[in-house]
Amino acid sequence: MANESHGSFEDVLAAAEGSLAEMCTTLRKIIVGLHKAHVEICWPKQKIASYGVGPKKMTEHYAYIAVFKAHLNLGFYYGAGLPDPKGMLEGTGKNLRHVKLRDLATCKSPAIKALVKAAIADRKATCN
């Protein structure tokens with residue numbers, strides 16, 4: 001562990017029960033596959049793995065995986081501005097949006113990949 005608040009993806013994964021662990025790993029593979037130079041920061045106490053173009057959570061990060069009891073949230077820090085033709089994003093905040101995921105098929109869907117790809121492009125354009 002880097003310090004008391006940060007941990008590893010495996011620490012977050014340990015909080016995922018049953019099929020949620022495979023879903024978590026699948027989402028991470030999608031993010032890493034789309035953004036080789038990603039920065040990953042994990043907060044095991046909050047059960048969150050966060051991804052960005054740099055280490056600053058609220059300015060450089062674009063997505064997070066949050067583990068809950070019966071689902072995962074794939075959250076987007078700037079989701080309000082993302083194209084969402086399938087209407088998957090939930091939330092009413094100024095920027096944050098998330099997708100509640102309960103099955104592996106949805107995690108692997110083209111719509112999820114498109115959201116992640118758009119979020120990465122947005123942060124790259126904004127932070128570079």
Residues satisfying the stated conditions in the stretch 101-128, i.e. surrounded by fewer than 18 Cβ atoms within 10 Å (Cβ to Cβ), in a helix (DSSP H, G or I) and touching a Ser or Thr at 6+ places or on another chain (Cβ under 9 Å)
Leu104, Thr126, Cys127
Checking the structure you have, find out if any residue of the stretch 78-95 is under 22 Å from His6 (Cα atoms) and aromatic (Phe, Trp, Tyr).
no
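This table checks each residue for (1) modelled with pLDDT under 95; (2) out of contact with any helix residue (DSSP H, G or I) (no Cβ under 6 Å at 6 or more places or on another chain); (3) closer than 17 Å to Asp122 by Cβ.
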site	(1), (2), (3)
Cys42	no, no, no
Ala49	no, no, no
Tyr64	no, yes, yes
Phe68	no, yes, no
Leu72	no, no, no
Leu82	no, no, yes
Gly87	no, yes, no
Gly91	no, yes, yes
Val99	no, yes, yes
Determine if the stretch 37-53 includes at least one residue that is touching a strand residue (DSSP E or B) at 6+ places or on another chain (Cβ under 9 Å), of a type in the set (Lys, Arg), buried (at least 18 other Cβ atoms within 10 Å of the Cβ) and on the phi > 0 side of the Ramachandran plot.
yes
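The values are calculated or read from the model by the stated rules, or taken from the named source; none is laboratory data. From a predicted model like this one, the values you see are computed outputs, not experimental measurements. For neighbour counting, all protein chains shown are included, and Cβ atoms are generated from backbone atoms with ideal geometry for every residue, glycine included.
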